[in-house]
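Just below is one structure, and these are the notes that go with it.
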Amino acid sequence: MRSYPNSEKILQHNKRYIPGGVVSVNRSVSPQIAFVKARGALLWDADGNEFIDYHAAFAPYILGHNDLDVTAAVEEVMRSGASLYGAGTTALEGEVAELICTNLPWIESLQIVNTGSEATAQAIRCARGVTGRDGIIIMQGGYNGWHNDVAGNLMTPLATLGPRISPGEYPFHPISAGIPKAHQQLVHSVNYNDLDSVRWVCERYPMAALITEPVLQNIGIVPPLSGYLEGLRALADEYGFVLIFDEVKTGFRHAFGGYSEVSGVRPDLAVYGKAVANGFPMAIVGGKRELMDAFVHPDPIRRVLLAGTYNAHPVPTAATIATLRRLLADNGAVYRHGEALGARMEQGLIDVTRRLGIQATVSRIGSAFCLYFMDHVPVDWHDLATHHDFTLDDRFRKELIERGIYFFPLPVKQASISAAHTEEQIDRTIETAAAALEAALLVEAR
Ligand SMILES: Cc1ncc(COP(=O)(O)O)c(C=O)c1O
């Protein structure tokens, strides 16, 4: 049995000063491990245990931890005397904008913030400012950050959610206390992959925006059905709402242009974070110039406020430039590597579950994947929550961690492969998955 006495000591110390002892409540999971170091695909904890990492800190590490190029760029910018000025523009922020706008034609101009949540908040506010409407549509099973507009309807228990509603909408089920009731009324939650429900909402209320991850990636990997994203595009044009793709997880992960590039469907606004800076705090909101110009509208009444002391700080900005250059290098070698290792992992996990007689499906897009214990890839949260074996998933993850493979220990959390992972690590993971599943089944049989 792995043991974590030093992690426990750190946790007990931190509990004196931090509620729960952990910063960011979604990091408080069992086993409670205090990590101290990471390099490439590997993590080490305070007790010297080593892990192959697939959590990737909720997915930003597309190049792996402490990537040498990114670290060198950060060191260089710090030594150069660059600082945060809080006045005027910088060449660095212009370089980030040029790298993105010249490679992603649907991003005509962009703004830079620090986190995905800030970016989704700004995109929604921009849509409201431009359309003069207040309502927004979100996806049941989607996650777009922690702010009042979107902090609801993620993994809502079926006992709360009730039977499938289509066409129609689910009531707002907050995942946070403190969201004003009046605000909740503005948010309409529908099943992903369900165009009829979007139309149903638009027929009844004026919508400023629909925000969705193009692939739901906070409940594993739930891909769009054929024609779904195109259908959203057509509904946005018909009803005049702003189509916002939240590419915080998909962006720069599945292709340089994220899932908009993969699907060929162009949003009005798109939001990026995570992989854009390989682990540094950076996020982007960008899209059609006529929308983005709302941030500099000459009439102060119609101008949308975007401000932030740390926006485009030189450290994350330099990290972004280094990351984007690597992602563009060698005609997308990083993506080919992710696809090859992802396919190897998918086949290995399928073989293992077949051998053990476990009903399972791997949903995967390139380097991101999720092993579902059900007989099909889910189409939405309701489908997933009805069919997936959450208990086996939970045990499997804990048994993997026990054997040195770090999948985030919560069911249906997606796993990410980086450019630093090797074939040997993937093969070791597949072998370990077999042992972990056997152990998980034994616990279940007892
Ligand atoms: C799709 C998506 N959007 C937005 C966010 C929020 O990003 P951040 O945690 O950087 O605020 C996340 C975070 O996991 C995410 O997965």
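Per residue, the chain reaches -12000 deg cm²/dmol at 222 nm when only DSSP H runs of four or more residues are counted, each adding -39500 (n - 2.57).
Solvent-accessible area of region 68-329 (1.4 angstrom probe, protein heavy atoms only): carbon and sulfur portion equals 55 percent.
So what's the projected area for region 68-329, the Cα convex hull averaged over all directions, in nm²?
14.5
Could you sort out which of 9/181; 274/398; 15/181; 288/413; 15/37; 37/274 sit more than 29 Å apart by Cα distance in this structure? Cα-Cα > 29 Å for 9/181; 15/181; 288/413; rest within. Which stretch or stretches of region 261-296 have amide N atoms under 13 Å from the point lying 7 Å from residue 23's Cα along the Cα→Cβ direction? Residues 281 qualify, since their backbone N sits under 13 Å from the label point. The amide H of residue 152, built 1.01 Å from its N in the peptide plane, has 175 as neighbours under 5 Å, considering only residues 5 or more places off or on other chains.
Inverting the mean 1/r over all pairs of different Cα atoms, compute the Kirkwood radius of region 183-342 and quote it in Å. If you can, show how the numbers build up before the last one.
Numbers: mean 1/r = 0.0573 Å⁻¹.
After inverting the pairwise mean of 1/r, the radius is 17.4 Å.
Region 104-118 and region 223-282 have Cα centres lying 12 Å from one another.
The value of relative contact order for region 68-329, using C-alpha pairs under 8 Å at least six residues apart, is 28 percent. Charge tally for residue 289 (other residues, Cβ to Cβ under 12 Å; Lys, Arg +1; Asp, Glu -1): -3.
Tally the DSSP beta bridges in the chain and give the antiparallel ones as a percent, rounded to 5. Percent antiparallel among DSSP bridges in the chain is about 60. Measuring nothing but alpha carbons in the chain and taking Rh as the Kirkwood radius, the Rg to Rh ratio lands at 0.96. For residue 435, put the label point 7 Å out on the Cα→Cβ axis and report which residues of region 42-69 keep their amide N under 14 Å from it. Only 50-52 pass the distance filter.
Averaging over all projection directions, the Cα-based convex hull of region 1-64 occupies 4.6 nm² in the image plane. Calculated over region 102-177, the projected area of the Cα convex hull averaged across directions stands at 7.1 nm².
The values are calculated or read from the model by the stated rules, or taken from the named source; none is laboratory data. A quick note: this is a predicted structure, and the numbers were derived from the prediction, not measured. Every residue, glycine as well, gets a Cβ built from its backbone with ideal geometry; the counts of neighbours run over all protein chains shown. Note: accessible area is taken over every heavy atom of the protein model, side chains too, but ligands, DNA and RNA are not part of it. Shrake-Rupley method; radii C 1.70, N 1.55, O 1.52, S 1.80 Å.
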